[in-house]
Every structure is written in structure tokens, then in C-alpha cells.
Amino acid sequence: MSEAHSTPLGQSSTPWQSGGPSEVAARVIDAFENAVRSASPKQGLMLSGDTPLFELGIDSLKQLEIVSRIQDEFNVRIPEDRLYDIETCGDVATAIEHQLQAKTSETTTAGRPAVEPTKIRDSFQDLPEYRRLRSRIDMLEAAGCENPFFAVHDAIKGSRTHLEGRELIDFGRFNYLGMAGDPTVNEAAKRAVDHYGTSVASSRLVSGTTALHREVEQTLADFLGVDDALVFSSGFVTNATIVAQLVGADDLILHDELIHHSIVTGSQLSSAERLSFPHNDWQALDEMLERRRNDFRRVLIAVEGVYSMDGDYPELPQFVEVKKRRRAMLMLDEAHSVGTMGGTGRGVCELQGVDPRELDVRVGTIGKALGGAGGFVCGSAALIEYLKYTCPGIIFSTALAPPCAAAALAAIRLLEKEPQRVATLGERAAYFLKLARQRGFNVGSSEGTPIIPVILGSSILALKASQGMLARGYNVPPILYPAVEEERARLRFFISARHSEQEIESAVEQLAEVLEELQDAS
Ligand code: PMP
């Protein structure tokens, strides 16, 4: 024991003070003393339970490293929430002791391991979750960056948006086919409001199913080559609430590692085991199924038609082959592929010649290429009938709003009448990709889709590049850590059929200048 342990820890308000330092307290003090000594060997040490960590002269990363090592020594984990309460050496020891006790003690009356009540706080702003968020926002500001999130747009028209009175060329929304804001789609939505009102004020099950809902569902199903469809108030709600109807405790969900958060949420709400496989790697999926298939009653594989961070897509025929051979179900999320992929916008099935009836479940959103807001699932008549009667997102939620249902219906009809919108989108995206590659931008694996990232390698650089583009009249939101790994932080361009060739040329040109300026300044 170090000499500091003969120092009374009695000034400490921690519970282990009465009988002198406990073994845990002694080891905590020891660990901090050693760290302080190796950081500044000459420093005289008299640590006690009350010594604030900030007075130790070691930075917060080092403090965390020590705390982490002590946790390993005692084989416990201090909950993250609790870490934010720790201010002194004594607090570290108390938290460790508490975890040790929780490990051996009975469960609480709620049936879970005991947790230590946190300090009483006056308001929400003192909660660690809030403080964590606040410190991230403060860090942005300290780095001289404006917060790019929740920017307030005053008007949106075609490929342009207005921010604080300035007109910008817009690469920041999923209006792939220009259906949002299209006069025909707007008209249809207005007529629906006149006929049904802005809301049906009921769930679908009770009184919220209108002729419009059934018409959009049948039109979607016909368009996508399946029996029937069911529309929800959002794509997120669709995914978050259908997965648990498809799999349960004896089942496995295997999803692409880049799958959308809504499917992860849906998986968490089911009691199924969840595993991810490497991005677009159907061979890895096959190997996982070879090892694990027989451990489960049912397996649900989930992939996307186009991945929204990277703008690439799966080899669907291979996934279909694997799922058939391994007796699994395949769910395809076409949020970014309906309207954008295949000659007439019918998605990756059309692009790759897959019979849509080979898929077990297909989901999508109305909020991207289809000009409204809402989500849908489609497939066999039995699947839709089952989900209609069981899915909480249908039974316990107000039905899709009439103007959004009407917008989707009008958008699908327009798309059937004007398939050249898909071709124009494809041409514009290919043009952007070609110019970006010519400039040497890192566009990752994007190919043949309207989502084109420019990977910059750091969140700060992505933020500054986004600001540089804003100053030059372009809305290109950054994607930062933790949405992607720090080295993969990026700008992400969403291309629309509404972009002119000239808008695309100027955006690439301006980005090259912005990046050059940032490089010169660094
Ligand atoms: N799935 C994917 C792949 C998505 O990208 C999104 C939205 N970004 C959703 C589902 C959710 O759709 P919505 O925006 O309609 O809630």
C-alpha cells in the first residue's frame, strides 16, 4: 500500500470512511497515485477520497483509462450514466463497490440487478444524458463550426431551398423524382384535404380506412408486382413495428451491418436474437446461416435496396438464392430504391430481374421518391392481412394523413406516365459521379444510385466543407461521427431529377475549391 493509504480518508463523505479505506478505496488511490507520479514524478502526493480528479494534473482521457483499468481489475462495469457523476477518487471507489455489491446481491423488487440511485438533481439540464449532448454541441462551437442541424428552411421549390432568406441549390433532401412540390401532386393533396380533411382522426382498424387508403395500397401493390400493400404513418414506424410480428423468441434476425436504424429498432422490439453480417456480403451471410440456421425456428434476413449512407446496393439474386437454400425469410427495404432503380422505378427487383414474389417482405417509404410522408409494406395477400390485424403501428396509431396518401397515389401515377423521370435521375447521378471521380473525390462504393458521398475523413473537415458550400450557395449536409465512423465522415449529395446539368457541374467545381481552401488553411 502506498503511504497515502495511511492518510485518513476520513474527510471523505463516502460510505467506506468509517472503518478506514476499504480494499477497493486503497486500490483506487494506488492507481491514481501511480498515474500522477508517472505523469510528474516530482509531485508530492497526499490523495484522499475527497481529492477531485481534476486536481490530479492528468487529462480526462487518462482518468478514464485509469478508471477503466480499475474496473477490469475488479471485473465490474460502472454504468455510463454513473460515470458522469464521478468527481473524486472516493466517487470512483464508491461506484466500484456498488457494482461489486450489485453483482452479489439479490435482484430488486423490479426483478433486475440493484442499481445505485444517482444524486438528486434539480432539473433536466443536470442529467448526464443532457450534459453529454450539450458537451458535443459545445465542442462544435469551440471548433468554430456552426451547428448544421435543424437549420430552419423558409421555402422549398424544385431543386432550390431558402435558408435565412438565401436561395440555395439543394442536395440535402430525398426528392429524387421531384414529386414533392410537383403541381400535379400538390393538387391531389389539396383535393384530399377538401374531401377527407387533414386527418382521419382514427386508426385504420377503427374508422381510419378510407377509399383513398385502399386505392393507394392497391396501386402500390400493382406497381411493385405483388398482391397487396399496407400504408403506415411513416417508414420508420413500418419497420419498427412489423419485425416483431414476423419473428420472436425462438428466431434469428440477420441484417446487413449498414441496415437502417428503424429495422434495428424493430429487431430490438422482437425477442429474436439479432446478428449483423458484413455489408453486402451474401457469402458471409451464407456461412453464418450454415453455422447457426439449425439453432432457430425461423430466420429473417434484412437488406436494403439502396444504402443511404454509401449509395450502393446488394446483389439481390444471390441473397434470394441464399435465403431459399437456407430456408430463411428475406425482407427488402426499398426506401431509397423505389422510384430510383430499374428502368421504370420499380426498384432493385426490376433492375436485377428478380421476381418480386420471391421476396417475403418488402417495405418502403412515401417520404422519398413518392412525394409525401408515410411508409408501406407489401407482399402476399396473407402477409398483408396478417399485419393489418396485428401490427401495433396500424392498430394503435392514427392512419396515414389523407394529403400524404393522395400525394403517393398521384406520384405513382405520374411515375407510370412519365418513366423518363427515372432515366433523367440516373443520368444526373451518373454525371455527378463522373465529375466527382474526375476531381479525385473519394465517393466510396457509390455506383448507379442517386446517393453520392464525398468521404473526407474527419467530422470537422466535413462540417467545414458543408459550411463552405453553404457560403457558396449549396445545401449539402455533413454526415458526422457517430452516424458514421470518424474516418468515414463525409458530405452526402442526394441527386434529384430536378437538378440541371449545370447545377451538378457547379456543385462539383465549388466543392473542389472549398476543399482546396480548407487544405491551404490547415
Ligand atoms: N428505411 C430506410 C432505409 C430509410 O433510409 C428511412 C429514412 N431515412 C426509413 C426506412 C424511414 O422512412 P421514413 O422517413 O418514412 O420514416
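Quick notes
- Count of the stretch 162-171 residues, restricted to those that are surrounded by 21 or more Cβ atoms within 10 Å (Cβ to Cβ) and not aliphatic (A, V, I, L, M), is 2.
- Residue list for the stretch 348-372, filter: within 16 Å of the ligand (Cβ to nearest atom) and either surrounded by fewer than 18 Cβ atoms within 10 Å (Cβ to Cβ) or part of a loop (DSSP other than H, G, I, E, B) (or both): Leu359, Ile366, Gly367, Lys368, Ala369, Leu370, Gly371, Gly372
- When the stretch 196-241 is filtered for residues that are more than 16 Å from the ligand (Cβ to nearest atom) and among the aromatic types (Phe, Trp, Tyr), the ones remaining, listed by number, are Tyr196, Phe223.
- Residue that is nearest to the ligand (Cβ to nearest atom), among those in the stretch 173-195 that are farther than 22 Å from Gln420 by Cβ and crowded, with 20+ Cβ neighbours inside 10 Å: Ala189
- The single condition from (1) surrounded by 24 or more Cβ atoms within 10 Å (Cβ to Cβ); (2) more than 12 Å from the ligand (Cβ to nearest atom); (3) more than 30 Å from Val185 (Cα to Cα); (4) small (Gly, Ala, Ser) that Gly345 fails is (3).
- With respect to the conditions (1) part of a helix (DSSP H, G or I); (2) under 26 Å from Val338 (Cβ atoms), Glu141 falls short on a single one, namely (2).
- Per the listing Ala429, Ala483, the residue uniquely closer than 27 Å to Met341 by Cα, crowded, with 16+ Cβ neighbours inside 10 Å and small (Gly, Ala, Ser) is Ala429.
- Looking only at the stretch 119-158, and only at residues there that are in contact with a Gly (Cβ under 8 Å, 6 or more places away or on another chain) and surrounded by 12 or more Cβ atoms within 10 Å (Cβ to Cβ), the one that is farthest from Ala483 (Cα to Cα): Gly158
- Scanning the stretch 324-339 for residues that are touching a residue at least 60 places away in the same chain (Cβ under 8 Å) and more than 12 Å from the ligand (Cβ to nearest atom) turns up Ala328, Met329, Gly339.
Condition check ((1) away from the ligand (no atom under 15 Å from the Cβ); (2) touching a residue at least 40 places away in the same chain (Cβ under 8 Å); (3) not in a strand (DSSP E or B)) across all residues:
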residue: Leu258; (1), (2), (3): no, yes, yes
residue: Ser271; (1), (2), (3): yes, no, yes
residue: Arg274; (1), (2), (3): yes, no, no
residue: Glu287; (1), (2), (3): yes, no, yes
residue: Asp310; (1), (2), (3): no, yes, yes
residue: Tyr313; (1), (2), (3): no, yes, yes
residue: Phe319; (1), (2), (3): yes, no, yes
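Read-outs: derived from the displayed coordinates by stated rules, not from any lab. Everything numeric in this text was worked out from a predicted model, so none of it was measured. Using ideal geometry, Cβ is built from the backbone for each residue, glycine included, and neighbour counts are taken over all protein chains shown.
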